[in-house]
1. Could you compute the net charge surrounding A:Thr239? Neighbours are other residues with a C-beta less than 13 Å from the C-beta of A:Thr239; K and R count +1, D and E count -1.
2. Can you tell me which aspartates and glutamates have their Cα less than 18 Å from the Cα of B:Lys277? Leave out same-chain residues fewer than eight positions away.
3. Considering just Cα atoms, how many Å³ per residue does the convex hull of segment B:96-225 enclose?
4. Using DSSP, restrict attention to beta bridges with both residues in segment B:3-307 and report what percent are antiparallel, rounded to the nearest 5.
5. So, counting K/R as plus one and D/E as minus one, what does the shell of residues with Cβ under 13 Å around B:Leu141 add up to?
6. On a 26 Å Cα-Cα criterion, which of the cross-link pairs A:Lys308/B:Lys92; B:Lys134/B:Lys291; B:Lys77/B:Lys162; A:Lys202/A:Lys326; B:Lys26/B:Lys288; B:Lys12/B:Lys261 come out too long?
7. Give the shape of segment A:20-124 as rounded, prolate or oblate, defined through the alpha-carbon gyration tensor: a ≥ b ≥ c are the square roots of its eigenvalues, a/c under 1.5 means rounded, and otherwise the shape is prolate if a/b is larger than b/c and oblate if not.
8. Taking beta carbons within 10 Å but only from partner chains, what does the mean come to for residues B:81-92?
Amino acid sequence: MTNRKISFVRAINEALFIAMKKEKKVICFGLGVDDPMGTFGTTVGLQEEFGIERVFDMPTSENTLTGVSIGAGLAGYRSVISHLRVDFFLLAMDQLVNGAAKWHYMFGGKTSVPITIRLIVGRGWGQGPTHSQSLQSWFAHIPGLKVVMPSTAYNAKGLLIASIFDNNPVIFIEHRWLHNQIGYVPKNEYKIPLQKAKIVKKGNDITIVSISFMVVEAIKAINFLNQHKISCELIDLRTISPIDYLTINRSVKKTGRLLVLDTDNANVSVASEIVARISMNLFNFLKTAPKMIALPDVPTPSSFGLTKNFYPGSKEIVEKILKILKKSINTNKLSNSNDLHDVPGSWFKGPF
Amino acid sequence: MLKKEKIKLLKKMKLIRLAEESIAEKYSDQKMRCPVHLCTGQEATAAAIGLLLNKNDYVVSTHRSHGHYLGKGGNLKKMLAEIYGKTDGCSKGYGGSMHLIDLNVNFMGSTAIVGNSLPVGAGLALTIKIERSKKISCIFLGEGCIEEGVFHETVNFCAVHKLPVLFVCENNLYSVYSSLLFRQPKNRSIAKMVNAMGIKSFSIDGNDVNKIYELASKELPKIRSGLGPRFIEFKTYRWREHCGPDFDNHIGYRTEKEFQKWKKKDPIQQFQTKLLKNNEITKQEIKKIDKNLLNKINLAHNYAEKSPFPKPSEALKNVYAK
Ligand SMILES: Cc1ncc(C[n+]2csc(CCOP(=O)(O)OP(=O)(O)O)c2C)c(N)n1
């Protein structure tokens, strides 16, 4: 059964089908959810199966459709909203932050709004400053929101089902470069609990905490380091907020070293937060200073030339770990520099 | 319209058409590595409005801005170099196709988030009013933008302050692949709505360049003289896919029949046929115009391709103004 392999996109699609079948009050909307492209394939077939009242297109009105999901939530409906980019959703900050995130709290816990908001992080092919922001730390900063970032097809399905049936607003962030990842996914319904990190690989020399697409890069780095007898423990955070510190703490106590990987700008990031907390709370267990790898604190440029070294990958991870461990190994073999650094693989030919 | 103006108009429309089509043609070389939103089929508005605006009138625009930029007189070489991601690009490669700028003609910037540039256009207009200059701020938008809150806020602000703004709303029926039917109420006229919001509004055939020119040349002086903003809806159609170089009539969100209907209303063909019929231009002259434009566009592609990529380290610069 473990050979049932499907793409990340299919896994999201299956999760939506399962959730909508299970519960009549799950509704799914957003600009283009019913169009032929079906939100990069993730919402394909839903309208045919569940009808236009439960799966519907929207005007280009991000703020309003977020508020609509609050209203629907108050009346007992679970909304799943999709946006093709994180960046487009920024227009909805009022309804999200002043509304959805606070509703349960400010009305004394009497009501809650079960909303899942799917946002996609763009990367490469010139997406540039306003089509490739990650911004999970914005959402993680807001109490009352849960923030989820799956890294594999398996996680995507289980986390999405869990998010939809969670009674709180959940920001569900997908990385565009993960959409074509293939992996083992059970056919049936299963939930992955929110706020539960996963130890992807066990190891002793250093703890790597990673999220989303950086998990792919981390695995490459770890496989290389393994050949050189360096053993890393890889934690896939899966939920960015709240963070599963129990799992992180246990690992750092064992290894005494920490590297956190992020897909966002470094400043005031999820990575810097984890580094800070571990430094404060586990100082005595640390053998070396905790480190992080994130994007530089500049907007993402568009040009093929400017993005050449913009995104850190497995090579940077290996080099950072060697530095932390004060070791030197020839890393030339581990070059990230495929000629076309701005695409995840031949499946992606632009334009978005 | 004077004959001289007519020829200028034809040339401008053709420049936009041929430039867009050259991008479509060369896109599969994979050298222009950024999203492109082509305006083939919608050239009339960009050309006529661009021709009627003064060099120092301000323009802001959207993700689909190549035509607006060229219409206003923006530098073709710099635009193509931007799409190729080169140092000689109008935004030096930082912005890509969706972020064009040419300060020589007061094309102040196109931005890629729907509705984003609207209040910016209003801000430019506010300064015109403060300085009592006779400029205009022209704001290009698509009909999808009407659905955003910021549209209503901007219209309200411009109306309250009687700002010298021309709203140019190109209604091409789709927001990405979403039909207008599911986004705006049937039979609700955008122009009537905006009129009721306090801005004198019009709705016209966006493929009839004569009509566009006529209406705009009547209304622009009124805006200039302080009579307040104007809003014009232009009914038109984008021929190619929402984003990218191809046609997409086969994928199912719109029909080949609808496309063919609009293709028959090709703004350039219609205008050219009329000019020929009225003996205002000869086939020979048209051939020459086409040849010259193609030449110019080829040279611009060569320029863009030859221009170097910015160095990766440049990505880290430029965050704050000095
Ligand atoms: C706030 C926001 N939401 C969604 C998008 C994605 N998007 C890019 S272009 C576009 C279409 C907008 O339609 P319209 O304004 O009519 O312009 P057109 O593309 O038809 O020229 C959309 C929805 C975006 N860029 N910004």
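1. Values: positive: A:Lys146, A:Lys191, A:Lys196, A:Lys198, A:Arg238; negative: A:Asp166, A:Asp236, A:Asp244.
So the surrounding residues net to +2.
2. Candidates past the 8-residue exclusion: B:Glu5, B:Asp208, B:Asp266, B:Glu285.
3. Values: hull volume 16.0 nm³, N = 130.
Hull volume normalised by residue count: 123 Å³.
4. Values: 3 of 27 bridges.
Within segment B:3-307, antiparallel bridges account for around 10 percent of the total.
5. Numbers: positive: B:Arg64; negative: B:Glu143, B:Glu147, B:Glu148, B:Glu170, B:Glu233.
After counting each charged neighbour, the total is -4.
6. Working: A:Lys308/B:Lys92 15 Å; B:Lys134/B:Lys291 38 Å; B:Lys77/B:Lys162 37 Å; A:Lys202/A:Lys326 21 Å; B:Lys26/B:Lys288 23 Å; B:Lys12/B:Lys261 24 Å.
Where the Cα-Cα span goes over 26 Å, the pairs concerned are B:Lys134/B:Lys291; B:Lys77/B:Lys162.
7. Working: a/c = 2.29, a/b = 1.28, b/c = 1.79.
Oblate, because a/c is 1.5 or more while a/b does not exceed b/c.
8. On the way: counts 1, 3, 3, 4, 10, 3, 3, 0, 2, 0, 5, 4.
Rounded to a whole number, the mean comes out at 3.
Throughout, read-outs are computed from the coordinates displayed, never taken from laboratory work. In this text, all values refer to a predicted model and were calculated from it rather than measured experimentally. So basically every Cβ, Gly included, is an ideal-geometry build from the backbone, and we count neighbours across all protein chains shown.
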